[in-house]
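For reference, the structure discussed in these notes is given below.
The values are calculated or read from the model by the stated rules, or taken from the named source; none is laboratory data. Values in this document were obtained by computation on a predicted structure and should not be read as measured data. Using ideal geometry, Cβ is built from the backbone for each residue, glycine included, and neighbour counts are taken over all protein chains shown.
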Amino acid sequence: MARVANYSILFYGGAEGFQKNRAQIQLSDESGNTIALLRFYDPNAVIESDFVDGDIIRMHLPACMLQTVIDVLRNEKPINVYYIKGRGFLGTTNEPVGESECMS
């Protein structure tokens, strides 16, 4: 399981996007190493299976999940990414119920 320290977002224009993708989020660890690429597909597109390429997890998601993933990356921590049984996973660790996100 790798801890996500940074992310960057790339949006693809044009009628077909890039390699049938509309956007990509690159996740990096504290050393700046890419640990995962999340690619987002148009509705009704055939979505590739997740896989690992070297040390990089490649997750494939529908475009409707893009805003939710961005929201989690902006507002939650710590965030981890891992790959098990042919699937990529992105999520938080245990957090207390009712944890406040604002600084007082």
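Of everything in the range 80-104 that is at pLDDT 95 or above and of a type in the set (Val, Ile, Thr), the residue that is nearest to the chain's Cα centre (by Cα) is 81. Residues that are within 19 Å of residue 82 (Cβ to Cβ) and polar (S, T, N, Q) within the range 38-71 comprise 49, 68, listed in sequence order. Can you report the number of residues in the range 8-29 which are over 17 Å from residue 65 (Cα atoms) and either surrounded by 15 or more Cβ atoms within 10 Å (Cβ to Cβ) or in contact with a strand residue (DSSP E or B) (Cβ under 7 Å, 6 or more places away or on another chain) (or both)? Residues in the range 8-29 being over 17 Å from residue 65 (Cα atoms) and either surrounded by 15 or more Cβ atoms within 10 Å (Cβ to Cβ) or in contact with a strand residue (DSSP E or B) (Cβ under 7 Å, 6 or more places away or on another chain) (or both): 2 in total. Scanning the range 1-20 for residues that are outside any loop (DSSP other than H, G, I, E, B) and of a type in the set (Gly, Ala, Ser) gives 2, 8. For residue 4, are the conditions met, namely being in contact (Cβ under 8 Å) with a residue 24 or more places away in the chain, in contact with a Leu (Cβ under 6 Å, 6 or more places away or on another chain) and not hydroxyl-bearing (Ser, Thr, Tyr)? Considered against the rule, which asks whether it is in contact (Cβ under 8 Å) with a residue 24 or more places away in the chain, in contact with a Leu (Cβ under 6 Å, 6 or more places away or on another chain) and not hydroxyl-bearing (Ser, Thr, Tyr), residue 4 comes out as yes. Pairing residues of the range 35-64 that are among the polar types (S, T, N, Q) with residues that are buried (at least 18 other Cβ atoms within 10 Å of the Cβ), at Cβ distances under 9 Å and at least 6 apart in sequence or on separate chains, gives 49/60.
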